[in-house]
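Working notes, beginning with the structure itself.
The values are calculated or read from the model by the stated rules, or taken from the named source; none is laboratory data. Please read these numbers as outputs of a predicted model, since none were measured by experiment. Cβ coordinates were reconstructed from backbone atoms using ideal geometry, including for glycine residues, and neighbour counts include every protein chain displayed.
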Amino acid sequence: MLQKLKFSISATFLLTLAPLGFCDVKLPAIFSDHAVIQKDVQAPVWGWAEPNEEVTVKIGTQSQSTKAGADGKWNVKLDKLSAGGPLTLEIKGKNTITIKDVLIGEVWLGSGQSNMAMTVNRCLDYEKEQAAANFPQLRMFRESSGVSTQPQFVGAGKWEVCTPETVGGFSGTAYFFGRELHQVLKVPVGLINSSVGGTPVE
């Protein structure tokens with residue numbers, strides 16, 4: 001299943017109760033170099049810090065500030081951003097986190113079982129597809145926390161830019177969908193792959 005990830009509901013598997021004990025400002029793994037943020041919405045940026053710590057988020061020409069709650073959670077909403085980039089996302093509290101090469105565009109979530117998890121290097125005509133896979137504005141984040149009976153707040157994984165060297169590890173279903181979207185809309189596309197073979201939706 002491919003489902004549009006509007007960042008107004010973004011990654012709820014990462015945003016509920018925060019783990020305690022954070023001293024420095026920290027972010028979920030989805031906010032990392034080469035990230036794509038959904039365009040034309042008030043995209044949230046969230047994380048954890050010391051209770052009552054002031055946190056400032058900067059991207060492009062805008063700056064948003066808030067304070068962490070008693071549980072250490074903080075959350076800001078960015079003003080709407082148009083498609084484009086690259087930009088730098090800076091999150092500053094007692095420490096500073098700098099996230100580079102951030103694009104603004106379409107962000108989609110791919111979730112499911114083995115049919116979504118199957119990678120491009122297992123698809124028909126892989127060598128031909130690999131040679132043509134030079135799409136610097138197409139990126140994929142593979143959520144690799146694995147199966148858990150408890151919510152995973154920080155997550156695991158990193159964003160990868162689509163190149164002939166990286167495309168083999170992309171979800172095939174998500175890649176072919178995202179490539180078509182990128183070529184038709186002419187905007188950056190971010191794909192989040194959260195799929196585990198043999199797992200029911202329940």
| task | Would you mention how many residues in region 119-156 are assigned to a loop (DSSP other than H, G, I, E, B) and loosely packed, with under 10 Cβ neighbours inside 10 Å? | result | 7
| message | When you check Val45 against the structure, is it under 21 Å from Leu109 (Cβ atoms), in a loop (DSSP other than H, G, I, E, B) and either in contact with a Cys (Cβ under 8 Å, 6 or more places away or on another chain) or at pLDDT 95 or above (or both), yes or no? | response | no
| remark: Note on region 82-117: residues under 18 Å from Ile37 (Cα atoms) and of a type in the set (Lys, Arg) are Lys100
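Quickly run through region 93-141 and pick out the residues that are charged (D, E, K, R) and under 20 Å from the mean Cα position of the chain (by Cα).
Step one: of region 93-141, the residues charged (D, E, K, R) are 94, 100-101, 106, 122, 125, 127-129, 139.
Lys100, Asp101, Glu106, Arg139 - these are the residues of region 93-141 that are charged (D, E, K, R) and under 20 Å from the mean Cα position of the chain (by Cα).
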